[in-house]
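Okay, so here's the structure we're looking at.
The values are calculated or read from the model by the stated rules, or taken from the named source; none is laboratory data. Since we're looking at a predicted model, the values are computed, not measured. What goes into the accessible areas is simple: the full protein's heavy atoms, side chains included, and nothing from ligands, DNA or RNA. Shrake-Rupley method; radii C 1.70, N 1.55, O 1.52, S 1.80 Å.
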Amino acid sequence: QLATAGSLLKWAVDRYRDRKQGPLLDQASEIFRDLTLGAFQKLRVDFEQTPPALVAYRPNSLAVKVSGLSDGTRDQLFLALRIAALELQSDQGTPVPFIADDLFINFDDRRSQAGLEALFALSARTQVIFLSHQEHLLPVVQKLFPQANLLQLSADEVAA
């Protein structure tokens with residue numbers, strides 16, 4: 001009976017946390033899901049660890065600690081958190097510009113496109129400045145951001 005009661009209590013607490021988690025984690029979870037092309041479904045703080053830690057959940061509910069994520073997926077997590085924070089800040093009335101330099105260095109092409117789509121959505125709320133040396137992303141940028149001001153520097157200009 002004690003084990004059953006403990007399991008029910010844990011289930012109720014987890015359910016409550018899922019419903020009441022902060023707006024930042026709700027928004028970041030959606031963005032992270034899109035950036036990882038559905039490989040992860042939600043983010044949650046695991047309060048059973050000391051100290052509490054952020055955990056990413058796969059569609060099959062498998063929990064993955066941040067340390068267990070690949071470099072690219074960890075970059076996608078941090079990008080999701082940054083975008084979610086900026087969106088919440090913008091909702092409060094004071095948009096802050098987003099400046100990114102070679103953001104997609106550890107992303108594959110499909111996740112880079114998902115990242116650019118996330119920046120496009122963010123650009124409806126605030127100014128986005130994106131710097132990159134990855135020329136293969138240029139067609140995606142031009143398609144998503146037809147109004148963008150693109151400036152291409154030559155190797156000589158970059159070296160100067």
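Taking every protein chain into account, the accessible area of the chain amounts to 64 square angstrom per residue (probe 1.4 Å). Counting only protein heavy atoms and a probe of 1.4 Å, the accessible surface of the chain is 54% carbon and sulfur. The aspartates and glutamates within cross-link reach of Lys143, meaning a Cα-to-Cα straight distance under 13 Å and a gap of 8 or more places when in the same chain, are Glu117.
Over the chain, DSSP H runs of length four or greater, each weighted -39,500 (n - 2.57), average out per residue to a 222 nm ellipticity of -16000 deg cm²/dmol.
Rg/Rh, computed from the Cα trace of segment 30-160 with Rh as the Kirkwood radius, has the value 1.02. Averaging the sequence gap over all C-alpha pairs within less than 8 Å and six or more residues apart, then dividing by the number of residues, gives segment 52-96 a relative contact order of 19 percent. Amide H contacts under 5 Å for Ser132: Asp102, restricted to partners 5 or more places along the chain or on a different chain, H placed in the peptide plane at 1.01 Å from N. Amide H contacts under 5 Å for Asp46: Ala53, Leu54, Val55, restricted to partners 5 or more places along the chain or on a different chain, H placed in the peptide plane at 1.01 Å from N. Mean-square fluctuations from a GNM of the chain, with a 10 angstrom spring cutoff on Cα atoms, peak among Gly72, Gly22, Gly93 at Gly93.
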